[in-house]
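**Q** Dropping a structure here in structure tokens format, bear with me for questions.
The values are calculated or read from the model by the stated rules, or taken from the named source; none is laboratory data. Fair warning: this is a prediction, and the values are worked out from it, not measured in the lab. Every residue, glycine as well, gets a Cβ built from its backbone with ideal geometry; the counts of neighbours run over all protein chains shown.
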Amino acid sequence: MNIKQILSSLFRNKAPRLPPSATAFTDPLSDSTAYRAPFAADLAEHFAQSERDSKKFLEQYGDFTTFLHRPNFDQFLRKEVLFFRNPSTQHLAFLDNDHWQEKHPFNFPGPFYSGASDSCGTGQCQAPGNVMHDAYCQEYVFRQPTTYFEFLGVVDAAAVEVLDSYSSNGNDRWTYPECKTWWRNRALLLSSLTKEELVEMNSGQAQLYIDYLNGEAEMDLRRYCYFLENGVYPTTATVVLPEL
């Protein structure tokens, strides 16, 4: 699925499904083409700016895997990186809170994860290759960023989330045993991703997570576990990776 297809899917009519104890609602503007079109144009320009910003990040910080996989990533991001991106802008408070105790179980292990979010559906718009929703439109990071462009999208998803539900301290929280436990629940996660309510909420994007879990996810997680155990990310094929 390319960016054009993803953008198209984001603007199909989808009303947030709230838990049974809440009152469901539908955005009266959700069917308005006139409302959706400017939003899509704004997102396209936003992505274009992120692409330009990603080149600046590459020049400043070099290799992305080294940039992302560092024990002090959370402090590095909030104290330095955000100001590098917008040095003259007063930053809103986001990524400042630890949501580990209430993290969504669908979050894929890594530095970024989400807790209890709003149901506005903004995260998927900002980071369509990394953020999805559950059946109640709660956000989670289904794939950790692999490029500066994806990284900026996840940061933007965190910035626009009303309840400040994202954290970037996963490198300080995840452990090798916890990653193994998470992976052993993969079959249950795959089953959940095929449920009609979740598929509809993500406009078909649930297949992205299914394909990832059935493909590259295992090696990505083993590499991440090596990083957690050794403090460095494996960069050669000769490294013996932890088993899951």
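**Q** Under 6 Å between Cβ atoms, which residue pairs at least 6 apart in sequence (or on different chains) link something in region 193-204 that is more than 15 Å from Cys125 (Cα to Cα) with a partner that is among the aliphatic types (A, V, I, L, M) and part of a helix (DSSP H, G or I)?
**A** Leu193/Ala206; Leu193/Ile210; Leu198/Ala206; Val199/Ala206
**Q** Follow-up question, since we're still on this one. Return the pairs, sorted by first residue and then second, in which the second residue is surrounded by fewer than 16 Cβ atoms within 10 Å (Cβ to Cβ) and in a helix (DSSP H, G or I), the first residue lies in region 171-184 and is of a type in the set (Phe, Trp, Tyr), the beta carbons are less than 6 Å apart, and the residues are 6+ apart or on different chains.
**A** Short answer, once both residue conditions are applied: Tyr176/Glu229.
**Q** Kindly indicate whether any position in region 12-24 is in a helix (DSSP H, G or I) and modelled with pLDDT under 95.
**A** Within region 12-24 (the criterion being in a helix (DSSP H, G or I) and modelled with pLDDT under 95), the answer is no, since none of the residues qualifies.
**Q** Quickly run through region 208-244 and pick out the residues that are assigned to a helix (DSSP H, G or I), polar (S, T, N, Q) and touching a residue at least 12 places away in the same chain (Cβ under 8 Å).
**A** None; the set is empty.
**Q** Turning to a different aspect of this structure: Quick check: anything in region 78-89 among the hydrophobic types (A, V, I, L, M, F, W, C), closer than 30 Å to Ala135 by Cβ and out of contact with any Cys (no Cβ under 9 Å at 6 or more places or on another chain)?
**A** No - not one qualifying residue is present in region 78-89.
**Q** I need the full set of residues from region 191-206 which are part of a helix (DSSP H, G or I) and either farther than 23 Å from Pro111 by Cα or aromatic (Phe, Trp, Tyr) (or both), in order please.
**A** Those that are part of a helix (DSSP H, G or I) and either farther than 23 Å from Pro111 by Cα or aromatic (Phe, Trp, Tyr) (or both): Ser191, Ser192, Glu196, Glu197, Leu198, Val199, Glu200, Met201.
**Q** Sticking with this structure for a sec: If you go through region 114-130, how many residues are within 14 Å of Lys103 (Cα to Cα) and either of a type in the set (A, V, I, L, M) or modelled with pLDDT of 85 or more (or both)?
**A** Result for region 114-130: 3.
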